[in-house]
1. Answer with yes or no whether residue 464 is open to solvent by less than 10 Å² (accessible area, probe 1.4 Å) and closer than 23 Å to residue 361 by Cα.
2. Restricting to region 264-296, count the residues that are of a type in the set (D, E, K, R) and without any contact (Cβ under 8 Å) to a residue 24 or more places away in the chain.
3. Please count how many residues of region 342-366 are of a type in the set (A, V, I, L, M) and open to solvent by 30 Å² or more (accessible area, probe 1.4 Å).
4. Being open to solvent by 20 Å² or more (accessible area, probe 1.4 Å) and within 15 Å of residue 675 (Cα to Cα) is the filter here, so list the residues in region 613-631 that pass it.
5. Across region 834-853, what is the number of residues that are surrounded by 12 or more Cβ atoms within 10 Å (Cβ to Cβ) and not aromatic (Phe, Trp, Tyr)?
6. Does residue 582 satisfy the condition of being open to solvent by 50 Å² or more (accessible area, probe 1.4 Å), modelled with pLDDT of 90 or more, over 24 Å from residue 636 (Cα atoms) and among the basic types (Lys, Arg)?
7. Looking at (1) closer than 19 Å to residue 719 by Cβ; (2) open to solvent by less than 10 Å² (accessible area, probe 1.4 Å); (3) among the hydroxyl-bearing types (Ser, Thr, Tyr), which one does residue 672 not meet, given that it meets all the others?
8. How do the strands (runs of 3 or more DSSP E) wholly within region 778-830 filter down when requiring 1 or more residues that are out of contact with any Phe, Trp or Tyr (no Cβ under 9 Å at 6 or more places or on another chain): which remain?
Amino acid sequence: MSQIPAKYDPIGLESKWYSHWIRKDYFHSIPDGREPYTIVIPPPNVTGVLHMGHMLNNTIQDVLIRRARMRGYNALWVPGTDHASIATEAKVVAKLKSEGIDKSSLSRDEFLQHAWDWKEKHGGIILEQLKKLGASCDWERTKFTMDADLYESVIQVFVDLYNKGLIYRGVRMVNWDPSALTALSDEEVIYKEVQSKLYYINYKVAGEENFVCIATTRPETILGDTALCVHPEDERFAHLVGKKVLVPLINRQVPIIADEYVDREFGTGCLKITPAHDINDYYLGIKHKLDTIDIFNDNGTLNDKAQIYVGEDRFEVRKKIIADLKNSGNLVKVEDYVNKVGFSERTDEIIEPKLSLQWFMDMKRLSAPALEVVMNDTIAFHPPKFKNTYRHWMENVKDWCISRQLWWGQRIPAWYLPNKEVVVAGSIEEAHKLAISKYTELHDLQMEDMHQDEDVLDTWFSSWLWPISVFDGIRNPENEDIKYYYPTNDLITAPEILFFWVARMIIAGLEYRNEIPFKNVYLTGIVRDKLGRKMSKSLGNSPDPLDLITLFGADGVRVGMLLTSPAGNDLPFDEILCEQGRNFSNKIWNALRLLKGWESDNDIPRPEYSVLAEKWFNARLSSTALILNDHFEKYRLSDALMTVYKLVWDDFCSWYLEMVKPAYQQPIDRKTLEVTIGFFEQLLKLLHPFMPFITEEIWHLLEEREEGDDIIINAWPVFEPTDEKLLDAFDYAHEIVMAVRSLRQDKNIPNKVVLELFVKTGSDSHTDAFDAVITKLCNLSSIEYVTDEPANSFGFIVKSTELYIPAGDTVDVAAELVKLNAELVYTKGFLKSVMGKLSNERFVNSAPAQVVEVEIRKKADAEARIQVIQDQISRLSTS
């Protein structure tokens, strides 16, 4: 006992046990004869550090992998990081700029060397932080999306899909990030509601003194207008269709056209059409064969085609053009207007719709099978409500823009030839052979005459292969790892990347393995603060996870994260949850100290109450374990944690230990101590997936262990069927104990005062199965069974049984009568409300039968209670 600290201190113990697990190779997996259980980590950005979302996601993954390991599966959790093209390149460019180096002054190879240097220095930070959380990943299998084997896999898939006609190059309207200088896919654009202005601007009708008014939120784009458009059935503008107007400030003539696309209720009912800078205008331009004038440079400044404001930033031009339109008499009015604006998910820059030559992937031809396997539950979503969201996206899927104007990433394996053709191949050597065989006029083509595409692939184009490529299943589809570990079991991720990543992985799995990549998708919620705001650095409302671990211990934080995080629902995080987790650690630690403080004696006979306590807790353990396993099977991890939390705190610590605890400074019989240690061991196993560090420490303090007998690899407990009658009998005893304790408190009877308990016979609800336990916990001298009410006693009812405690000589009769009369008034009022329900025919006829039955029981209990109170008042009044 003296060797066990008075207080649990996780500092030191956590690193001790994590190092021990690593040394023992417990996290490492190789294919063998066991059934595999596999999770691949959603690879965090190589630029990233641990945030609260990571904490939640990885805690859940670790809970599942540790439980699977204990259940005998060959458990593998593959870690790794994502190269994050846009974010990493931005970091490297910023670093170089701080050193006085401009990216444009470097060759591609020179820049990539800087990027790799940065990755080697900073890229492993988040994985090291996950170790502090207790993540039991197979670190020997750590992968990076730019590793040579994964890089080759991406290139191989690009070539394959190109040859299948599923990847093509073309000019399309794309989402352009003027900060990162790259195109983005639709899924990488976040739409935010912003307070804007709606500008009403007059266009002069050519050859007339009349004007046509339009409304726009982007007046700077009028310099790229190539038409105005009205609805063909709008009588206000019917006489103008076919005429031309002058674009304000530059006086370029553009036609007035008619199209049913126009919303007559928006603005003035007349729209400006800028095909180069609005997706809807782009399609109208194609339909009506309009000119396309791109007025923006890649960095968001205006180019020569704008004619004025050349070289100035788009938002500065907005300010200037409004002033100039006002001076020219073209500005009619300005109104406040709330609209949704697209922002880059990576840089938070306002997106510029832009016509650009990019590489695209045909998603419609690949999406149908990936939709079917989710809708028929071949892949199960937890919670299933996200199936509808998934279906909506898959049924309305657009082609995926997969090229990015960056250097950091997998370079597109396309080579441009002197004859203006393009060939796609896995290497320049293969491309050279292909070009010569395909184009006879290039028979003397030299490699130096071929130019590879400058762009790289979207980061998600490597991530979508993750469950396959981490096992080298693209390059070597018949290798042992991919055949053993694929498909994986569970994917834990966030709903916001359901389309970025989950849907595309399903498509890739079906395309390249003809098999789903995982069987279950557990979708976490968003971690929010007490005000309901998403935690973020910009709001300053997100605590540093490592600070929380230092303050509360990794186990405390893990418990805190899971206490209120049901699948798919947001987590309202408060540090008090981690404090609750730490308090739980202390509770378990104190239970250990209590047990280790007991002295055992082999010669002491075993008390009856200890035998009963063992029977009850064994039944409770079995019953609760069934519930716990059911929660796990249904991915209700928050409920699973709360179930074992209550089992330990309430049932074991508050009840079982109190039942068997020996008298002060008295020994305990050896059998009871052994049974208690056995129960504690079972509880530690159930707790281990949630709280790995403290359970491993207590496991080794509880008993002497042989080398290798660590809880992390111990078997998950299996229990016999539950004795429900025994549990019901204890529930009855529990109510009696609580009632006696409440009576002691109400009557100010000290716990050290020994009492008698009288039980009135004749009730069907009574059982004497736990009388020995009641006697001990209530400090009773005896429990006697009587047919009549004892004189001068306090009565109470448990279920339908009347019980009495002699009042003794210290009772204040007047005060007791006041209490009883108040209770009588309350109980009569309660009975009246119940009778009100039962006398309501509509309630009785329409409510479920079990609900009505509950009200009938309430009525019977209240009537019985009223009778007992009235009898007590009668006895006290005549005493």
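The values are calculated or read from the model by the stated rules, or taken from the named source; none is laboratory data. Worth saying up front: this structure is predicted, and the values here are computed from it rather than measured. Here the Cβ positions follow ideal geometry from the backbone for every residue, glycine too, while neighbour counts run over all protein chains shown. Heads up: the accessible areas ignore ligands, DNA and RNA and are worked out on the full protein's heavy atoms, side chains in. Shrake-Rupley method; radii C 1.70, N 1.55, O 1.52, S 1.80 Å.
1. Yes: the conditions hold for residue 464.
2. 3
3. Counting residues in region 342-366 that are of a type in the set (A, V, I, L, M) and open to solvent by 30 Å² or more (accessible area, probe 1.4 Å) gives 3.
4. 614, 615, 618, 620
5. Result for region 834-853: 9.
6. Against the criterion (open to solvent by 50 Å² or more (accessible area, probe 1.4 Å), modelled with pLDDT of 90 or more, over 24 Å from residue 636 (Cα atoms) and among the basic types (Lys, Arg)), residue 582 does not qualify.
7. Looking at each condition in turn, residue 672 falls short on (1).
8. Hits in region 778-830: 780-786, 793-798.
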